[in-house]
Amino acid sequence: IRAVQRRRHVRFYHLEKVLPEWKKPWLQIHGEADSYIKIVMAQALSKKCSQYVEFWCVPKARHNQAITVAGDEYHQRLIRFLDQHLASQPS
């Protein structure tokens, strides 16, 4: 992970440490056929969140394919989530 971070100039956060303190709504979209991150790993991560979390498993989607596999439903869920939670945030 460190080598990838250096090579790509990115930083990967350890979500397991952060999520118990997370105070914002969280939408987690995961591909059922993801071979990089198994579904049980994604579900376990979402259970660590201390606040509201919506977990959606997209059937037949592999890693990063949810938007292409689910199409309209992906957009509908995303808009609904944002409408629901951004409206309730203080300005």
Counting only residues that are closer than 16 Å to GLN43 by Cα and charged (D, E, K, R), the range 5-27 contains a total of 2
When the residues of the range 18-35 are narrowed to those that are modelled with pLDDT under 90 and closer than 22 Å to ILE1 by Cα, which ends up most open to solvent (accessible area, probe 1.4 Å)?
VAL18
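This table checks each residue for (1) open to solvent by 50 Å² or more (accessible area, probe 1.4 Å); (2) part of a loop (DSSP other than H, G, I, E, B).
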site: ARG6; (1), (2): yes, no
site: ARG11; (1), (2): yes, yes
site: GLU16; (1), (2): yes, no
site: ALA42; (1), (2): no, no
site: GLU54; (1), (2): no, no
site: CYS57; (1), (2): no, no
site: ILE67; (1), (2): yes, no
Pick out the one residue from LEU19, LEU27 that is closer than 21 Å to LEU82 by Cα, in contact with a Ser or Thr (Cβ under 9 Å, 6 or more places away or on another chain) and hydrophobic (A, V, I, L, M, F, W, C).
LEU19
Being of a type in the set (D, E, K, R) and either in a helix (DSSP H, G or I) or over 20 Å from ALA70 (Cβ atoms) (or both) is the filter here, so list the residues in the range 18-40 that pass it.
GLU21, LYS23, LYS24
Scan the range 40-49 and tell me whether some residue there is among the small types (Gly, Ala, Ser) and over 14 Å from the mean Cα position of the chain (by Cα).
no
ARG62 passes all but one of (1) at pLDDT 90 or above; (2) charged (D, E, K, R); (3) loosely packed, with under 13 Cβ neighbours inside 10 Å; which number fails?
(3)
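The values are calculated or read from the model by the stated rules, or taken from the named source; none is laboratory data. Only a predicted model underlies this, so the values are computations on that prediction, with no experimental measurement involved. Quick reminder, even Gly has a Cβ in these numbers, built from the backbone with ideal geometry, and neighbours come from all protein chains shown. Only protein heavy atoms, including side chains, enter the accessible area calculation; ligands, DNA and RNA are left aside. Shrake-Rupley method; radii C 1.70, N 1.55, O 1.52, S 1.80 Å.
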